Amino acid sequence: MNMEFTRKLPIPQQIKNKYPLTEQLELIKKERDEQIKAVFRGDSDKFILIIGPCSADNRESVLDYIGRLKKINEQVSDKIIIVPRIYTNKPRTTGDGYKGMLHQPDPDSSPDMLSGIIAIRDLHMSALKDYGFTCADEMLYPENYRYLSDLLSYVAVGARSVENQQHRLTASGIDVPVGMKNPTSGDISIMMNSVTAAQHSHTFIFRGWEVKSSGNPYAHAILRGYTDYTGKSVSNYHYEDLSKLYERYAESGLANPAAIIDTNHANSGKKYLEQIRIAKDIVYSCNHNDDIRGMVKGLMIESYIEDGAQKIGEHVYGKSITDPCLGWEKTEKLILEIADTIK
């Protein structure tokens, strides 16, 4: 085998024992989970905003950003549930480049997976302990989910992972909402098959164990746009797209028909400022059609302290080192406008 086995890493339970949650934090997590699940069940008409940096690359600035979300959350909590994005591992199209805090807790230094595991747990715990937020993360590596399973209130499966059997089966054993993105090809059938698989029970191998999942009734779709055969970005957030997805759900017999709409990625063509217009367009569609409003549970928005993106090593505080993000002033205004206009 052409691999060097560098060191044996602690199993998730060892990390959890070393960095445990208090009973109070467990209670906050339980309450947050129930509030979010109620939206996906249709028992709450609150609108979910999964919002934050493309990648959580710096502890200080990410927590600064979450502190700002905490303040605005107090103004909009009657209509909106804010779920901060703390995305700690990043898929790379070619495999090269910054792979997230899990790999590199310091983007300027070499990969250090043990330090990364500790750093991402510390970051998620700090968001919960200091600001009362349980957050969202992407499940890029199913076997690593357990390091954060007692902290996350939302899990996303990315466009490149949604066809993968292990992602689907692992999602079926998670007890919080898991969003399945449409693949980069845009094939909605693949996304719906993934949601179906995640809602069903399965027996499979997970971290060296034979396990049986009970199925996840909160597995749902995420529309993020796609890339056509010429490499051009094609959006799928429009009224007609949402109507078609509603019809697919109606035919499927799936539990808790739901969708989160990603305002960036191929939906915006990675033109991050377009997220403002796109978010308003989706809210308009929701307000215009009760079926769409019932299905669309919220938005996914890439936002940070500073507008745009920078290269690794430039060290502009609160500016993304991966995809460009919406800056804080524009983000704050957008959140308030959504709260004012959503039914």
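The values are calculated or read from the model by the stated rules, or taken from the named source; none is laboratory data. These figures come from a predicted structure and were not determined experimentally. Virtual Cβ from ideal backbone geometry, glycine too; neighbours counted across all protein chains shown. Side chains are part of the model used for accessible areas, which takes the heavy atoms of the whole protein and leaves out ligands, DNA and RNA. Shrake-Rupley method; radii C 1.70, N 1.55, O 1.52, S 1.80 Å.
Over the chain, with a Gaussian network built from C-alpha contacts below 10 Å, which listed residue (Ile86, Ile301, Ile190) shows the highest mean-square fluctuation?
Ile190
Just how far, in whole angstrom, is segment 154-227 from segment 284-303 if you go by their alpha carbon centroids?
21
Filter the trypsin sites (Lys or Arg not before Pro) in segment 1-88 to those in DSSP coil with at most 11 other Cβ atoms within 10 Å of their Cβ, and list the result.
Working: sites: Arg7, Lys8, Lys16, Lys18, Lys29, Lys30, Arg32, Lys37, Arg41, Lys46, Arg59, Arg68, Lys70, Lys71, Lys79, Arg85; in loops: Arg7, Lys8, Lys46, Lys79.
Passing both the DSSP loop test and the Cβ count: Arg7, Lys8.
Of the residues Gly269, Gly97, Gly308, which exhibits the maximal mean-square fluctuation in a Gaussian network model of the chain defined by a 10 Å Cα contact cut-off?
Gly97
If you roll a 1.4 Å probe over segment 21-100 with all protein chains in place, what percent of the accessible area is carbon or sulfur? Intermediate values should be presented prior to the final figure.
Values: 1470 of 3490 Å².
For segment 21-100, the apolar C and S fraction of the accessible surface comes to 42 percent.
Please identify every one of the trypsin sites (Lys or Arg not before Pro) in segment 162-246 that sits in a loop by DSSP and has no more than 15 other beta carbons within 10 Å of its own beta carbon. Walk me through the numbers on the way to the answer.
Working: sites: Arg168, Lys181, Arg207, Lys212, Arg224, Lys232, Lys244; in loops: Arg207, Arg224, Lys232.
Filter output for segment 162-246: Arg207, Lys232.
Per the 1.4 Å probe, what fraction of the accessible area of segment 167-249, in percent, lies on carbon and sulfur atoms?
Details: 1860 of 3720 Å².
Carbon with sulfur: 50 percent of the solvent-accessible area.
Can you compute the radius of gyration and Dmax for segment 7-67, using only the Cα atoms, both in Å?
Here Rg and the maximum Cα pair distance are 16.0, 48 Å.
Accessible area per residue of the chain at 1.4 Å probe, in Å²? Could you put the intermediate results ahead of the total?
Values: 15440 Å² over 343 residues.
With all protein chains present, the chain gives 45 Å² per residue.
When only C-alpha pairs under 8 Å and at least 6 residues apart count, what is the relative contact order of segment 142-184, in percent? Let's see the in-between values first.
Values: 43 pairs, mean separation 21.4, N = 43.
Relative CO of segment 142-184 lands at 50 percent.
Considering only protein heavy atoms, with the full assembly of protein chains and a 1.4 angstrom probe, order Trp328, Trp209 by accessible area, largest first. Spell out each step's value before the answer.
Details: Trp328 25, Trp209 180 Å².
Sorted by accessible area, descending: Trp209, Trp328.
Normalized C-alpha radius of gyration of segment 139-261, against 2.2 N^0.38 Å? Kindly include the intermediate steps, with their values, before the conclusion.
Working: Rg = 14.4 Å, N = 123, 2.2 N^0.38 = 13.7 Å.
The value comes to 1.05.
List the lysines whose Cα sits under 20 Å from the Cα of Lys343, skipping any in the same chain fewer than 8 residues away.
Counting by Cα, and skipping residues close in sequence, Lys343 has these lysines nearby: Lys37, Lys46, Lys79, Lys280, Lys297, Lys333.
With a 1.4 Å probe and all protein chains in place, put His103, His238, His200 in order of accessible area, largest first.
His200, His238, His103
For q values of 0.11, 0.14 Å⁻¹, compute log₁₀ I(q)/I(0) with the Debye formula on a Cα-only model of the chain, without solvent.
-0.68, -1.16
State, as an integer percentage, the relative contact order of segment 18-158 based on alpha-carbon contacts under 8 Å between residues 6 or more apart. Show your work: numbers first, answer last.
Numbers: 204 pairs, mean separation 33.8, N = 141.
Value for segment 18-158: 24 percent.
Measure up Lys270/Lys319; Lys30/Lys90; Lys30/Lys319 against 22 Å on the Cα-Cα distance and list the ones that go over. Don't jump to the answer; show the numbers that get you there.
On the way: Lys270/Lys319 15 Å; Lys30/Lys90 27 Å; Lys30/Lys319 32 Å.
Where the Cα-Cα span goes over 22 Å, the pairs concerned are Lys30/Lys90; Lys30/Lys319.
Got a number for the accessible area of Ile321? Probe 1.4 Å, square angstrom, nearest 10.
30
How much accessible surface does Tyr131 have with a 1.4 Å probe, in Å² rounded to 10?
For Tyr131, solvent-accessible area is about 60 Å².
Leaving ligands, DNA and RNA out of it, work out the accessible area of Thr6 with a 1.4 Å probe and give it in Å² to the nearest 10.
Estimated to the nearest 10 Å², Thr6 gives 110 Å².
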